[in-house]
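Before any comments, here is the structure.
The values are calculated or read from the model by the stated rules, or taken from the named source; none is laboratory data. Note that the structure is predicted; figures quoted are calculated from it, not measured. Cβ sites come from the backbone with ideal geometry, for glycine too, and all protein chains shown count toward neighbours. Side chains included, ligands, DNA and RNA excluded: accessible areas come from the protein's heavy atoms. Shrake-Rupley method; radii C 1.70, N 1.55, O 1.52, S 1.80 Å.
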Amino acid sequence: MAEQVPETISFPAEEEKILQLWKDLDCFQECLKQSKNKPRYTFYDGPPFATGLPHYGHILAGTIKDIVTRFAHQSGFHVERKFGWDCHGLPVEYEIDKTLGIKGPEDVAKMGIAEYNKQCRGIVMRYSQDWEITVTRLGRWIDFKNDYKTLYPWFMESVWWVFKQLYDKGLVYRGVKVMPYSTACNTPLSNFESNQNYKDVQDPSVIVTFPLVEDPSVSLVAWTTTPWTLPSNMALCVNPELTYVQLKDKSNGNVYILMEARLSSLYKTDAQYTILDRFPGITLKGKRYQPLFDYFAKAAERGAFTVVCDNYVKSDDGTGVVHQAPYFGADDYRVCMNFGIIQKDSVPVCPVNASGCFSEEVTDFAGQYVKDADKDIIKMLKERSRLVHSSTYTHSYPFCWRSETPLIYKAVPSWFVRVEHMVDKLLQNNSQCYWVPEFVREKRFGNWLKEARDWAISRNRYWGTPIPLWVSEDFEEVVCVGSVAELEELTSCKITDLHRESVDHLTIPSRCGKGVLRRVTEVFDCWFESGSMPYAQVHYPFQNRREFEDAFPADFIAEGIDQTRGWFYTLLVLSTALFGQPPFKNVIVNGLVLASDGQKMSKSKKNYPDPMHVVNSYGADALRLYLINSPVVRAENLRFKEEGVRDILKDVFLPWYNAFRFLMQNIYRLHKEEGIQFLYNESLAKPSSNIMDNWILSFTQSLIHFFKEEMTAYRLYTVVPRLVRFVDILTNWYVRMNRRRLKGEGGTDDCLMALETLFSVLFSMCRLMAPFTPFITEMMFQRLKLLLDPTSVQEKDSQSIHYLMLPPVRENLINQKIENAVSRMQSVIELGRVIRDRKTLPIKYPLKEVVVIHQEAESLADIKSLEKYILEELNVRKVTVSTDKNKYGIRLRAEPDHMVLGKRLKGAFKSVMAAIKELKSEQLEEFQKMGSITVEGHELHEEDVRLLYTFDQSADGNSTQFETHSDAQVLVLLDVTPDQAMLDEGVAREVINRIQKLRKKGNLVPTDEITVHYQVEPQEGYLYSVIQGHTDFILATVKSPLVPHAAPPSSNVIIKEKTQLKGSDLEITLVRGSSPAMDGPSCAYVKLHIAANGTEQSGFLLLENPKGAAISSLSELKAAVSSIFQLKIPRLSVYDDKKELHSDADLLSLNGKLLHVTSEAVPVVPSNGGQLDCQYVNLRLLSTEAQGTLLLQNPVGQNALSSQGLYHEVARVFGLRSRRFRLYLDAAMSGEVTCGAALPDLHTKTLYVHVLPTTAEC
C-alpha cells in the first residue's frame, strides 16, 4: 500500500537516513558482489594529499567520478573503485618544516632522517578520517578499506620497478639543469609544477652599465628584474641580426650602446640623446667588458665577461642587451655553454645555497636571502656609478605551489627521464584518448606535449620513495634496483621498508673494484609516484599481473584542468615509455571552482562557505547537481555561489518531490476511497488513449535514448541540463495539466491510467538520476518499490535503486509526432503567458480568445488537436488558428545582427543595414522559406538577420483587441478586451487560491475531510455576490463543503485567516469534518405521540421546510397532524409535557421536543417512553443558502420514502418541479445519488442539490 508522504521535507535529514540504509545493507559491497561476473570497467582515482581537508575542487572531481562509475555499473559492468592517498613529498614535509622550525638541510641532519620521516609519517593521514566522512556524506561510493597509499612498501616497490624499466631502456640520466627551485622547500620543481601557481608581482627593475675594456668611456647597458643574479654575471648577449646604436646621453654626456628598437626603455624623446653610430648586433660579438663585481674575476680566463650573440634576445622589452648568469637562467646556461664560457665539468658559478641565501663567495652579501639582497645590490651599484635607472616592474611570476613563496631559477644536479625524444609518440598516444571536452586534447594538453622537456624526477628531500640507484663515488658504476628481492640479494639484508632511513645505509659491493656503492641521496618527485599508480596500486608486476594487463589501459579517469600539466601528463609519459600505449581511454576534464568574486578560494580570505555547511544546509544531492550543472564540466571555471545550491532545491528538488508526493497522495486516496490496491507492472500496463500520457511516455523514452548515448560519450554537460529540464517538463506540464485526472475526476479507469503513467515516468527518472543524485532517488525508490509488482522487477535484489540496471529504451512508446505537437502547444502557451505578464493579467482571469498564426497547416492541426489544454492553461474561452497573417495585420520586419555583419561587411555595413530595414514583408517571407537573401550585393543568411513580427493594430478596425508575441515559428495574439463576467470568474479563482493556500498552510492532504466556512464584510458587497454566483465553480475545485457563515464554537478548527480581496474582508476558516455538525434535521421539528380512537401512533412533524418557511399557527399544526396520521377527530389537544398549547404558542421554540396529541382531556403517557428515532436526510441547495429536510418514514414504520419519491419531494421542497437537478453526497459533487439508492443508508446524511442550467442560461 502507498505510504503517506509528508508535505515538507528536509533533504539533509533524509540523506542521513539513506546513509544509514546503505550502511545497514552494505550497499556498495553488495553492488560489487552482484556485478562480479560482469565485464570489467577500469577506473583510476588520482590520489589526493591527506594533509588538508577536501575542498570544492575535490568534491567536483569526486562527483564526476562517482557519476560515471555508477553509470557504468548501471550499464552492466563490474567497477572496482579504490581510493588512493598521495602520502609523500613537499606537502607533508612543508608542514613538518613549519611545525619544527626547520630552515634547511642542516637542521634535518641534526635531528636525523629517521626522526624527520617519523614526524612526516605521523601527520600524513591527519585528515584521512575527515576525508572518508566527507566523501561518504557526499554520496560517493568508493573503497576506503582496500585503498592504496604511496607510502606502502608494496606500492613503492612497483615505483622502483617502473624506474628500472626506464633505466634499462636508457631513458634515465644525471645532469645539471637550470630548474625552478623552491627555496622554502629546498628542492627543485618540475616545469609543470612551476606552471601551477603564477602571481602578478612587483620586482625591482634596473638598467646597469658594462664599460668596454677597449674604451671604458663607452658602456653597454643591460636591463634585469633580478638584481640578485648580477654578482654571478658571466656574459652579455645581443641579437646578431637587429640594429644597435651608440649614442650620447645629453643629460650626463655618457655614451651607451643598446638596441635601437629599445631606445624607449631609457628615453622618452629623441631630444634626450644623440645617435653616434648604427650597426648590427653581430658587430659587438667578442667585445670584452668590465664586470660589475670581482667575486668570480678568474672566470675571465675561460672567456667570461664578453659579448655573445643569440636570437632569443627580442625587441619587445629591456635594452636589447641581456645579462647572462648561466646558473640562474635556462637560456643563459645554453648560450654560455655554446660559447664555451662554461663547460659541463667546470665548477658552477652558483653562489646561492639550498635555502636561497648567498654563499661566502659573495662576500658583500653572504648569508642574505637573495630577494632581500636586491636593495643592497642596487645601492652598491649606485655608489659605484654603474646604475643608470631603477624602478619597479609588474609581471607574472611563478610561486611554489606548496609554500606560496617565489621560485628562483637555479642550476642543480638532477636525475632526468628522457621525454623530448618521444614527443611524437606522446602526441600519437594522446590522439587515441577520448577527451571531454575535446579541445583540451588538441589545445591545452596537445600544445603542452609538443613543448615537452626532459622530466626532472629527483628531489633533494627526505620523505619520499628513494631513487633506487646505488653508485660509486665517481658515478662511473651504477646499479639500478627494481625490487625488494633484488636489493635483498645485492645487500644480503632483509628489507621491510623502503624509506630513506631503511635503505640509505645499505651498500652494494662494487663489481669494478670501486669499493662499495652507495645510494644516491635523492627521492622521487611525488608526481612520479602518482604517474606510477596504475601499476603500483595493484603491486604490478609482483602481483595481479594478469588482472592488470587485461584491464589496461583504464576505461576512465577524471581530474581538473590543472592536471594537464600534472597527473594526466605523468600518466601518459610513463605508460608511453613503458608500454608504448596511452594509460587511459576516456578522460573528463573539469574546470576550476573559484570563489564568488572570481578569486582563488582561500582559507585565509574566508571567501567561500565551508563545504560541510553547504551539505548540512541543502544536502549533498543539491551540491552535486549544482556543480555538475555548471560550466566546470566543460573545463570552464565556476564562481561558486551558495545561493546557486539553494536554487537547485527550489527549482529542481522541491518540484520533483512534489510530483512524487502528488503521485503517492492519489494512490493513497484511490485505496482509501475506492478500495483499489495500486500495483505497477510495466509489461501489464495498458496503452493509454490520452495524448498527454503518450507524450510524456514518449518524451521519457527519448530522454533515456539521449541519456545513454550522451553518457556513453561522457558528455555530462549535455545530459545534466536535459535531466534538469525534464523535471520542469514533468512537474510544470504533465502533472500540472493532468492534476484532475490524477485526482480521479475523470473516473477510476482514467485515474489509474494517469497514475500508471506518472509512476512509470518517475520510476524511470529515478533510475536515470540515480548516479547524479543518489540520495533523493533512493528515498523515492524505497517508497515506489512497495507499489511495484515483484514479478516485474528483473533484478534479483531490489533493496536499493543502485542495484537496478538502467531502463531499456522502449522504442514502441516513442512518438515524435506527439512530441512535436506538444512542443508547439507549449510554445503557444508560453507566448500567451508572456503577453499576460506584459499586460499584468493574472492567469486566474479568463480571456475571450487566443489566435495562433503559423505558416504550416500541419503545425496548426497539431495545436488545434491540443486545444483543450491551451484553453485551460491560458484560461481563454476560444482558440483560433490561422495561416493568414494579413487578416490580423501581421507583417514581418528585419533587424540586422550588428556584431556579425559589422565584422564581415566592415565599410559596407551601414548601407546594408539601412537596406535590411527597408525589406518588405513579402521579401522576408521568401527569405524565411529559402534561408538566404541578397541585399546590396551581399548574400545574407539566417544567422545574419533577426526576423520580427509587427502588428498593425488598425488592420481589423479594433485597435485595442489584441496583444501579440512571437518566436521564430509561431505568432500568438491574445484578446485582452475587458469583460465583467470574466473578471468575476477571476475573482472567484482568487477565492479558490486563498482556500487552497490555506489548506497548504494547515498541512492538509487531499484525502482530509474538511468544511470551508467563510464570512465576507460587507455582505452586500461585490465579493460576496461573486462568491454566491460562483459557488458551484468554487466547490468543483476545492471539493469541500462551502458554508457562508462562521464556524460553530464547537467545531474542530484547523486554521483560520482573514485577508483583503477586492475591497472586502474575507475570513476563511477550515474545519475538520466533511460537513457542519448537525444535531438532527436541519429544519425545526417535533416528535409526536398520538393517542386517539383507542390507538397510539408515533411520528414527526417538520415545523419548517425549507428552512425559514415555518408553520404559522397552532391550527395549521393540528391540520398537518390530522393529514399525516389520518385522524378524523373534530377536536384535538396538543400538550408540551402536561401543558396544553394554545393559539399564541411559539412553535419554533418547541424544536426537538416530544408533543402529545390526544382527543382526551389529559395527555396519555406513551407506552415506548417517548424514545423515537427520526429517520431523515438533510438537503442543501447548491449555489444558495437554502436548506431543507425530508423524513424517510412517517409515522414510524409507515409511508417509507421511495427513491423516486425522494426526487419528487426534493423538487417540492425547493420549488424545482420544472427543473432538472442531481443529488450528491458532498458539495464537491463527487458521489451522485442515483434512482436506485438505498434510502435507509442515507439516514442523517446531507444531500446536495445541484440544479442543471436551462438552455437559456447556457
Handout entry: Å² of accessible area per residue within region 520-605, as computed with a 1.4 Å probe and no ligands counted
Key = 32
Exercise for the section: Beta carbons within 10 angstrom, averaged per residue: use that to sort the peptides 1065-1071, 991-997, highest first. Expected result: 1065-1071, 991-997
Problem - Highest average packing first - 114-123, 231-240, 1001-1010, Cβ atoms within 10 Å - result: 231-240, 114-123, 1001-1010
Handout entry: Share of carbon and sulfur in the accessible heavy-atom surface of region 411-546 [1.4 Å probe, %]
Key = 47
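Please compute the alpha carbon radius of gyration of region 274-350, then divide it by the globular-protein estimate 2.2 N^0.38 Å. Two decimals is fine.
My calculation over the Cα atoms of region 274-350 gives 1.17.
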Fill in the blank from the handout: Quarter of the surface of the C-alpha convex hull for region 694-803, i.e. direction-averaged projected area in nm², equals 7.4
Exercise for the section: Would you mind computing the Rg to Rh ratio of region 1075-1194 from its alpha-carbon coordinates, Kirkwood style for Rh? Expected result: 0.98
Completion exercise
Rounded to the nearest whole number, the Stokes-Einstein translational diffusion coefficient of region 402-533 at 10 °C and 1.306 mPa s (Kirkwood radius, C-alpha pairs) in µm²/s is 90
Fill in the blank from the handout: Sorted by chain and number, the residues with a modelled amide H under 5 Å from that of L1216, at a separation of 5 or more or across chains, are none
Exercise for the section: Check the straight Cα-Cα distances from K410 and name the aspartates and glutamates below 16 Å, setting aside those fewer than 8 residues away within the same chain. Expected result: E193, D331, D332
Practice task
Indicate the gyration tensor shape class of region 128-191 (rounded, prolate or oblate), computed on the Cα atoms with a ≥ b ≥ c the square roots of the eigenvalues: a/c under 1.5 is rounded; otherwise a/b larger than b/c is prolate and the rest oblate.
Solution key: oblate
Completion exercise
For region 99-251, the Cα-Cα pair-distance distribution in 5 Å bins from 0, as whole percents, is 1, 5, 7, 9, 12, 13, 11, 9, 8, 6, 5, 5, 4, 2, 1, 0
Fill in the blank from the handout: Carbon plus sulfur, as percent of the 1.4 Å-probe accessible area of region 58-165, comes to 52
Handout entry: Size descriptor, Kirkwood hydrodynamic radius, that averages inverse alpha-carbon separations across region 562-698, Å
Key = 20.0
Practice task
Report the label-to-label distance for Y173 and K1138 in nanometres (one decimal), using points 7 Å from each Cα along the Cα→Cβ vector.
Solution key: 13.5
Exercise for the section: Please give the FRET efficiency for K285 paired with T950, using the beta carbon to beta carbon distance and R0 = 60 Å, rounded to the nearest 0.05. Expected result: 0.20
Practice task
May I ask you to compute the full-extension gain from T1244 to N37, defined as 0.36 nm times their residue separation minus their alpha-carbon distance, rounded to one decimal in nm?
Solution key: 427.7 nm
Problem - Projected-area average for region 475-552 over all orientations - Cα convex hull basis, square nanometres - result: 6.5
Handout entry: Given charges at Cβ of Lys, Arg, Asp, Glu: the chain dipole, positive-most of T521, I341, P1163
Key = I341
Practice task
Which order do the peptides 690-697, 729-736, 1142-1149 take when ranked by the mean count of other beta-carbon atoms within 10 Å per residue, highest first?
Solution key: 690-697, 729-736, 1142-1149
Handout entry: Positive-end residue of V652, V632, L578, charge dipole of region 569-682 with Cβ unit charges
Key = L578
Handout entry: Charge context of L1141, other residues only, Cβ under 12 angstrom, K/R +1, D/E -1
Key = -1
Handout entry: Net charge dipole size for the chain [Lys, Arg +1 and Asp, Glu -1 on Cβ; Debye, nearest 20]
Key = 260
Fill in the blank from the handout: In region 196-283 the accessible area split gives carbon plus sulfur, as whole percent at 1.4 Å, a share of 47
Problem - At R0 = 45 Å, FRET efficiency that the Cβ-Cβ distance of E549 and R334 yields, to 0.05 - result: 0.60
Practice task
Read phi for every residue in region 655-672 and hand back ³J(HN,Hα) as whole Hz from Karplus 6.51 cos²θ - 1.76 cosθ + 1.60, θ = phi - 60°, with x for Gly and Pro.
Solution key: x, 4, 5, 5, 5, 5, 5, 4, 4, 5, 4, 7, 5, 5, 4, 4, 6, 5
Completion exercise
Summed over the other residues with a beta carbon less than 11 angstrom from that of L1066, with K and R at +1 and D and E at -1, the charge totals -2
Practice task
Between R893 and S492, with labels modelled 7 Å along Cα→Cβ, what's the label distance in nm to one decimal, could you check?
Solution key: 10.1
Practice task
From the C-alpha gyration tensor of region 180-325, pull out the three semi-axes of the equivalent ellipsoid (sqrt of 5λ each), sorted largest to smallest, in whole Å.
Solution key: 29, 19, 15
Completion exercise
For region 556-569, Karplus-derived ³J(HN,Hα) couplings (6.51, -1.76, 1.60; θ = phi - 60°; whole Hz; x for glycine and proline) come out as 7, 9, 7, 7, x, 5, 5, 7, 4, 10, x, 5, 4, 5
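Give the accessible surface of region 988-1052 per residue, rounded to a whole number of Å², with probe radius 1.4 Å and ligands, DNA and RNA excluded.
45
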Exercise for the section: Run through the DSSP bridge list for the chain and note the antiparallel percent, rounded to the nearest 5. Expected result: 75
Exercise for the section: Could you list the square roots of 5 times each eigenvalue of the Cα gyration tensor of the chain, that is, the equivalent ellipsoid semi-axes, sorted largest first and rounded to whole Å? Expected result: 89, 40, 28
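From the Cα gyration tensor of region 537-620, with a ≥ b ≥ c the square roots of its eigenvalues, which class applies: rounded if a/c is under 1.5, or else prolate if a/b is larger than b/c, or else oblate?
Cα axes put region 537-620 in the prolate bin.
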Problem - Under Karplus coefficients 6.51, -1.76 and 1.60, residue-wise ³J(HN,Hα) of region 1095-1112 in Hz, glycine/proline x - result: 10, 10, 9, 10, x, 9, 9, 7, 6, 7, 4, x, 4, x, 9, 8, 4, 8
Fill in the blank from the handout: If N is the residue count of region 803-933, its Cα Rg over 2.2 N^0.38 Å rounds to 1.46
Completion exercise
Between L1141 and residues 5 or more places away or on another chain, the pairs with built amide H atoms under 5 Å apart involve V1134, Y1135, D1136
Exercise for the section: Compute the distance in nm between two label points, each set 7 Å from the Cα along the Cα-to-Cβ direction, one at N1199 and one at K910. Expected result: 10.2
Fill in the blank from the handout: Partner lysines whose C-alpha sits under 18 Å from that of K1087, ignoring same-chain residues fewer than 8 away, are K1107, K1118, K1138, K1139, K1153
Practice task
Just the ratio, please: alpha-carbon radius of gyration of region 968-1022 over 2.2 N^0.38 Å, N its number of residues.
Solution key: 1.72
Handout entry: Sites E1116 and S683, calculated FRET efficiency, Cβ-Cβ separation with R0 51 Å, nearest 0.05
Key = 0.10
Exercise for the section: Would you list, by chain and number, the aspartates and glutamates whose Cα falls below 14 Å from the Cα of K1056, excluding same-chain residues fewer than 8 positions away? Expected result: D1065, E1067
Exercise for the section: Using 0.36 nm per residue of separation minus the Cα-Cα distance, give me the extension gain between E1185 and F144 in nm, one decimal. Expected result: 367.6 nm
Exercise for the section: Please list, in chain and number order, the residues 5+ apart from F1221 or on another chain whose amide H is under 5 Å from its amide H, with Hs placed from the backbone. Expected result: L1252
Practice task
Please go through the residue pairs K287/K344; K145/K606; K110/K605; K98/K371; K98/K164 and name each one whose alpha carbons sit more than 27 Å apart in this structure.
Solution key: K145/K606; K110/K605; K98/K164
Handout entry: Extension gain from R1131 to Y434, taking 0.36 nm per residue of separation minus the Cα-Cα distance
Key = 240.0 nm
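Roll a 1.4 Å probe over the protein chains and send me the accessible area per residue for region 857-935 in Å².
About 55 Å² of surface per residue is accessible.
Once you sort the root eigenvalues of the Cα gyration tensor of region 257-389 as a ≥ b ≥ c, which label holds: rounded (a/c under 1.5), prolate (a/b larger than b/c) or oblate (the other case)?
Oblate is the answer for region 257-389, as a/c is 1.5 or above yet b/c matches or exceeds a/b.
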Exercise for the section: Considering Cα pairs under 8 angstrom that are at least six residues apart, work out the relative contact order of the chain and quote it in whole percent. Expected result: 9
